[in-house]
Every structure is written in structure tokens, then in C-alpha cells.
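Written below as C-alpha cells is the structure these notes are about.
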Amino acid sequence: MLYSAYELTHAALKPWRQMARGTQALYSSPLNPWSGTMAGRSLAASADLFERLTRRYGKPAWDIENTLIGGRSVAVTPVPVLRKPWLTLTHFGRDINPDHEDPKLLIVAPLSGHYATLLRGTVEAFLPGHEVFITEWSDARTVPMVAGRFDLHDYVDHILEVLRFLGPNTHVLAVCQPGPLVLAAAALMAEDEEASRPASLTLMGSPIDTRRSPTLPNELAKSKPLDWFARNVISTVPMPNAGFMRRVYPGFVQLASFIQMNKDTHVDAHRKFFDHLVAGDGDSTRRHRAFYDEYLSVMDLSEEFYLQTIREVFQEHRLAQGLMRHGDRAVDPGALTDMALMTIEGELDDISGIGQTQAAHDLCVNIPANLRQDYVQKGVGHYGVFSGRRFRENIAPRIADFIRDHNAP
């Protein structure tokens, strides 16, 4: 019912959105004498704001066309190199000498409501000196039922398959949610002494042990029994979506919770956006549009993946307590002995608190000190760990140095 109500509301607002587009075009036209007046600009701004707030945002494009290598602009082309119903592995091909070899970097994007394009800035930061790949997880709403289930352990299996596909001497960067699952995959490969196990593993703002410095989302996940989440936030995908009848945690529910956490900030941002539209401040409105076009683009998660993540990561802390199993195998981070490990945290992170990512060092007891590194970035929150000025200037260079130091010749 929840999903159907959302779809009906969206459909009911369609004529109003069309009317808003017409109003915005009418009062922005230089041929309209009202367009230069305060009343005309205010009407155009109101229509623009209404249309944006009621729009459904689809998957954003990568919009990465080039990068700078050695002071020269080099063309970049995102190319899918591995496709599965639940995952596309994208390679950012660079127009450079094919004999040129840079470290292979696999960025594992979170499956927590936003598309992988949220990490656009992360990708851009590493393109000049790395062969970059990224996991693009599928929107559960678009995956037909014949593709089967997708749970937390299927996620681990997909990471294992990607690492084997990329081969030896691959460096892995896990951003936020995938941290525990990537660490589990690395532990399984290390125990089996697989040649394709990661050369280095960097975990950023990850919920390895959410008992440390618990945040509001951590507390919420523990405040209700699992069946409460199943009853209240899981819904069935309606027609005509390809994933019709699939049970999911809808992206619009996740987005509502994101916004509620920082409601005043978002209200203030849109008030300023309206003021900038009226004033004709093009730079400010472009920055607002760029941010919210990405932020408001959300995807659904499969029911089984969402509920297992709540239970195993946030309620029972299975990996942190040494209780995690993958199939019939125990997951033992102590199996990592020659894999370099770096953890990155944000001082002001209100999603993964200080110490939650650092906990990986306590679990990986057999990694020698010379293969470990930990860094806490002052003055940044969760998103500042992987994007923004401090990421580009302070965090990305440290990760690049770490990867270079542990890259096999």
C-alpha cells in the first residue's frame, strides 16, 4: 500500500508539475515584460521550486568527460565491463598509452539508497593516477523477480566475483556501508590464499562496529525489533515497474529519513535557492541543482538485503563479535596477514561515529604495524569523508600514497 500510495501521489501531481513548468517558462521568457519584475521573478522561482520538489529523480549520469594527467587533459569514458542483474562493474577508461600502468583501484559504492554516482568526486580524485573501477548496484525496483533474491551474503559473493575478475594486485576502497562486507570478502580470500585477494583495503566511514560512538541511525536500528522494520518500512513494488511484486525497502522512505535527520538544513537550503532564483544568482542555483539532483536520486533495496543488514550489522554486530558466517564458513578477519589496511573517519560523522571504522584494526589482529594506517579528518561529517575540498586536499592524497606504497612492482 505504501508504494502504491506514493505512485498515485506522483501521478496525481503530474498535471501540476506541467503547469509549473509552463509558468516557469512564461515568467522567465525575455519576451514577457513581467519577467524582469519582482513579481515575475518570484512566480518563476516558485514554479521552479515546486517542480523540483515534486519531481522523481532518475539515475544520474557520471558526467566525467576528462581528467588531467601530467598537465594534459585526457578523455575519460565509463565502460561497463561486467554486468549482472544486481551489479554492473564500470571501468573509467582513460585515453592514454595502453602500456602505461597505474594501480588498479576498485571503489565499492554503498548500497544504502543512493546511486554510485554519489561518489563522482571520489572517482574524479583518483582518475589521474589510478585505473579506476566502481560497483554500480541495481535499483531493486528495476530487477525482475526471475533474477532471484539478493541478500547480504549475495553482496559478499558479488565482491568476491569482482575481485577475481579484476585479478591480483587490486586495491579496494570501500565507502561507508560496504565496509563490513568487503572486509568479510577479503578475509575469506585471505584464508584461501587466493591470488586475487586485495593488495590493500581502505575503509571509509564504515559501520564495522556500531557499538562504538553510536549515532542516531545506529540507535534507531537497535530501538525496534526486526519485525517492526519488516512491517513498517518494507513495501511491494507495483506495476508497471520491472521489479513488480518484489518486496523492497523503498528509496523514497530512505530519503525521507535522510532529510528528517537534517530537516532544518534542507529547508534553509531551499529557501536560499528560492532567493537566488529571484536574484538571478546563476552560480548558486547551479550548485544547488547539482547537489540535489544527486541527493534526491534514490534507489530501492531488496527486503532481504535491508533486513539482514539491520540484523547482522546494526543489531547483532556479528562481524565485530566474531560471529559472522558466510554460507557454512566462519568469517575470520584474523586471516588477513599480508594485506595493507587503512581506515578513514570524519571527526563530525553523524552516521558512522568515531571508532566504528577503526574497529577493523582490532579485528585484523595479524596484520603487521607497517601495513596499517588510520586517519581522522578534522572538521568533516559523513559526506566529507569521500567528497568535497578536504577530501580532495587531505584524504585522497593520503589514500593514493598508501596505495602506491603497497602496490606490487
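The values are calculated or read from the model by the stated rules, or taken from the named source; none is laboratory data. Because the structure is predicted, anything quoted here is derived from the model rather than measured. Every residue, glycine as well, gets a Cβ built from its backbone with ideal geometry; the counts of neighbours run over all protein chains shown.
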| field | Matching option when the condition is farther than 26 Å from Gly121 by Cβ, assigned to a strand (DSSP E or B) and either in contact with a strand residue (DSSP E or B) (Cβ under 6 Å, 6 or more places away or on another chain) or not small (Gly, Ala, Ser) (or both), among Val278, Val248 | value | Val248
| Within region 63-73, is even one residue among the acidic types (Asp, Glu) and either closer than 25 Å to Ala256 by Cα or touching a strand residue (DSSP E or B) at 6+ places or on another chain (Cβ under 7 Å) (or both)? | yes
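If I filter region 339-361 for residues that are over 24 Å from Ser213 (Cα atoms) and in contact (Cβ under 8 Å) with a residue 60 or more places away in the chain, do I get at least one hit?
First, the residues of region 339-361 that are over 24 Å from Ser213 (Cα atoms): 339-340.
Subset that is in contact (Cβ under 8 Å) with a residue 60 or more places away in the chain: 339-340.
Scanning region 339-361, I find at least one residue that is over 24 Å from Ser213 (Cα atoms) and in contact (Cβ under 8 Å) with a residue 60 or more places away in the chain, so the answer is yes.
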| Does Phe229 count as in contact (Cβ under 8 Å) with a residue 24 or more places away in the chain, assigned to a helix (DSSP H, G or I) and under 21 Å from the mean Cα position of the chain (by Cα)? | no
| field | Count - residues of region 10-49 that are modelled with pLDDT under 75, within 24 Å of Tyr292 (Cα to Cα) and of a type outside the set (A, V, I, L, M) | value | 2
| remark: (1) modelled with pLDDT of 95 or more; (2) out of contact with any strand residue (DSSP E or B) (no Cβ under 9 Å at 6 or more places or on another chain) all hold for Asn394 apart from (2)
| said: Suppose we filter Thr357, Thr343 for residues that are buried (at least 23 other Cβ atoms within 10 Å of the Cβ), within 24 Å of Phe258 (Cα to Cα) and not assigned by TED's automatic domain parsing to the domain that holds Phe258; which single one remains? | reply: Thr357
| Which ones in region 99-111 are farther than 17 Å from Val81 by Cα and either buried (at least 23 other Cβ atoms within 10 Å of the Cβ) or free of Cβ contacts under 8 Å to residues at least 40 places away in the same chain (or both)? | Asp99, His100, Glu101, Asp102, Leu111
| field | Of residues in region 131-168 being aliphatic (A, V, I, L, M), part of a helix (DSSP H, G or I) and in contact (Cβ under 8 Å) with a residue 60 or more places away in the chain, the one surrounded by the most Cβ atoms within 10 Å (Cβ to Cβ) | value | Ala140
| field | Yes/no for Gly384 being surrounded by fewer than 22 Cβ atoms within 10 Å (Cβ to Cβ) and in a helix (DSSP H, G or I) | value | yes
| query | What is the number of the single condition among (1) more than 19 Å from Met324 (Cβ to Cβ); (2) under 19 Å from the mean Cα position of the chain (by Cα); (3) not in a helix (DSSP H, G or I) that Pro217 does not meet? | reply | (3)
| said: Could you list, ordered by first residue, the pairs with Cβ atoms under 7 Å in which the first is in region 175-188 and assigned by TED's automatic domain parsing to the domain that holds Gly205 and the second is of a type in the set (Phe, Trp, Tyr) and crowded, with 24+ Cβ neighbours inside 10 Å, at least 6 apart or interchain? | reply: Val175/Phe386; Leu181/Tyr155
